[in-house]
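Inspection log for the structure reproduced underneath, given as structure tokens.
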Amino acid sequence: MDRVDPLPTGRILVTHSIIVKQFCTIAHNTAYIKTIVPINQSHPVILPSSLRVIVSNMSGLTLYTWKTPNGYKVSIFLELLGLKYDTKSIDISKNTQKEDWFLNLNPNGRIPTLVDNSTGITISETGAILQYLADLYDKEHRFSYSKGTKEYYLQLETLYFQMAGVGPMQGQANHFMLFAPEKVPYGITRYTNETKRLYSVVEEYLRRNQHNGPYLVGNHYCISDIALLGWSNSLHRLGLDMKQWPLVSQWFEKLKSLPEVQKGFSVPP
């Protein structure tokens, strides 16, 4: 028997043929590590106690996130799916997302990022994360639609509409109105007006689907609703009254009232 740790305490016997897992230590300033431990089935290895926690946490989801519209998208969906997950707070005000250990997870240095220890997949970009979770963990299509259906492609259309339109434009409006070191009237007007136009498009999507209920697509909420919710929740920061879009307002109030959504908005604590 090959022994890695000579100490008698805290050993764990591993008999899997191979462990190939990705993990991060709890300390956010610790480097991201990829560990590959080949194990011969007939000659099990005693792992050191320092690896016991790592092995025990090799299943499950870890969400690296912060209190932003994009971060809320993923935490809300995880809550709606009823999945257990760990949360790691990435304080973007301190530029934590630009530290080397995080860039090893996501080279773009943005939140959120999801690590799925059960599949060994690390994934970023909220649209991709939502689609990934829907594909793997929403087999009953409670918050998605089956591939090949009309609803599935409209779901993609409205999801990409949010990703390419509402998020970037509203984000720029927020920047110029709330965070820019100097006021740039053109920037404020340009992006605020574009945000208003895009919510008029959302109103039209909801109008076209009104016979099915207050959903962007089909007869239930889907990942495009969840993607839009995070941003619509901060619309008031631009001084815009959502009631000017009656269907958007109705959609927002109903979806936000769900207990799982409320819990998702509280992540990270």
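Sorted fewest first by neighbouring Cβ atoms within 10 angstrom, TRP101, TRP66, TRP231 come out as TRP101, TRP66, TRP231. The trypsin sites (Lys or Arg not before Pro) of region 110-172 meeting both criteria, a DSSP state outside H, G, I, E and B (loop) and at most 16 other C-beta atoms within 10 angstrom of the site's C-beta, are LYS139, ARG142, LYS147.
Our estimate of slack between HIS211 and LYS183, defined as 0.36 nm per intervening residue step minus the Cα-Cα distance, is 5.7 nm.
Ranking of LEU235, LEU216 by neighbouring Cβ atoms within 10 Å, starting from the fewest: LEU235, LEU216.
Which of GLU157, GLU140 has the fewest other C-beta atoms within 10 Å, and how do the rest follow up to the most? Each step should come with its number before you reach the end.
On the way: GLU157 14, GLU140 7.
Result, fewest neighbours first: GLU140, GLU157.
Over 22 Å between Cα atoms: which of LYS88/LYS256; LYS196/LYS256; LYS183/LYS243 fall into that group?
On the way: LYS88/LYS256 24 Å; LYS196/LYS256 20 Å; LYS183/LYS243 27 Å.
Check vs 22 Å cut-off fails for LYS88/LYS256; LYS183/LYS243.
Most simply put, region 61-137 has about 60% antiparallel DSSP beta bridges, counting only bridges with both residues inside it.
Using θ = phi - 60° in the Karplus curve 6.51 cos²θ - 1.76 cosθ + 1.60, the 3J(HN,Hα) couplings for region 260-267 round to 5, 5, 4, 5, x, 6, 9, 9 Hz; x is entered for Gly and Pro.
Where a number appears in this text, it was derived from the coordinates with a stated rule and is not lab data. Owing to the predicted nature of the structure, the values given are computational and were not obtained by experimental measurement. As a convention, Cβ positions derive from the backbone with ideal geometry for all residues, glycine included, and neighbour counts pool all protein chains shown.
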